[in-house]
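Input: a single structure, listed below in structure tokens.
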Amino acid sequence: MTDPDPLYLNLIKIAIILIVSFIIIKGLIYLVKRTGKRWNLEPTLVQVLIEIIKYSGIAAAITLSLKEIGWNVSGILVSLGIVGIAIGFGARDTISNFIAGIFILADKSFRIGDIVEMSGQSGKVIKLGLRVTTFKTDDNKIITIPNSTFSKNLYINHTAQEIRRVGLDVNIPYEMELEETVASLIDIASKCKWALHDPKPNVFIKEMTDTGIKATLNVWVSDPWKISTYRSQLAMEVKELLVGGNNGDNVKV
């Protein structure tokens, strides 16, 4: 008859392993959440770290428990290692995207709602996942980009700064007095409700052409998501000034 004492002893050890693992997992999760709030980390990144801690802790607890009942844990780990290597070679792109996604969240390169431009394509970030990032363009097209692409290519976050410039290209006819027209353009821009007074609107003279003087009217705003709307409103106001000098082609949106 088998002595039951070793069995009871093993069960007690397994129970202790599970309880200690549970306490450690809960403690680490609490620490991650508290750190996330203190350092203002992205919720998605915090959730990923929590999932890693949870499943790593469960895997470690199961491994130690199996060892206590006499299973050959080393053989299991070797087998899992071989399978893991095989899967890793087949899923290198997925792993690369996953790691890139974590760095994007950790570095706060951009967030949901930001307007990002890359390779001539720009749009608003509507979904930031660990594998891919989804954009929505001005014409409502959905673009999905693998996260690893951002680590290999240059991209622009147009909403990284709270203050944005609205630039409107204009053509000032030669028959219009330049200094007076420039002053009128600045006055029109300054009267826009959405225009910031600091920095003040200005006019940048670019070049002289056969039809007139090319210039850019610059206005700064605090809402980067309405750049196109503001530019259109500004163009309508400026057109009233320039239409007398030539025609509607003097304003380019």
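The values are calculated or read from the model by the stated rules, or taken from the named source; none is laboratory data. Bear in mind that the values here come from a model prediction, so they are computed numbers and not experimental data. Virtual Cβ from ideal backbone geometry, glycine too; neighbours counted across all protein chains shown.
Tell me the residue from I12, I19, I69 that is modelled with pLDDT under 80 and loosely packed, with under 14 Cβ neighbours inside 10 Å, please.
Working: I12 fails: modelled with pLDDT under 80; I19 fails: modelled with pLDDT under 80.
That would be I69, the only listed residue that is modelled with pLDDT under 80 and loosely packed, with under 14 Cβ neighbours inside 10 Å.
Checked against the criterion of being at pLDDT 85 or above, touching a strand residue (DSSP E or B) at 6+ places or on another chain (Cβ under 6 Å) and not in a loop (DSSP other than H, G, I, E, B), the candidates I156, I145 yield just one match: I145. Of the residues screened, D169 is one that is surrounded by 12 or more Cβ atoms within 10 Å (Cβ to Cβ), charged (D, E, K, R), assigned by TED's automatic domain parsing to the domain that holds Y230 and farther than 30 Å from G36 by Cβ.
One residue is enough: does region 138-152 have a residue meeting the conditions closer than 21 Å to S222 by Cα and out of contact with any His (no Cβ under 9 Å at 6 or more places or on another chain)? Reasoning before the result, please.
Restricting attention to region 138-152, the residues satisfying the condition of being closer than 21 Å to S222 by Cα are 138.
Remaining after also requiring out of contact with any His (no Cβ under 9 Å at 6 or more places or on another chain): 138.
Yes, region 138-152 contains at least one residue that is closer than 21 Å to S222 by Cα and out of contact with any His (no Cβ under 9 Å at 6 or more places or on another chain).
Of the residues making up region 184-218, those that are loosely packed, with under 12 Cβ neighbours inside 10 Å and either among the aliphatic types (A, V, I, L, M) or touching a Gly at 6+ places or on another chain (Cβ under 8 Å) (or both) number 1. Against the list (1) hydrophobic (A, V, I, L, M, F, W, C); (2) within 18 Å of K239 (Cβ to Cβ); (3) out of contact with any Leu (no Cβ under 7 Å at 6 or more places or on another chain), the condition C192 fails is (3).
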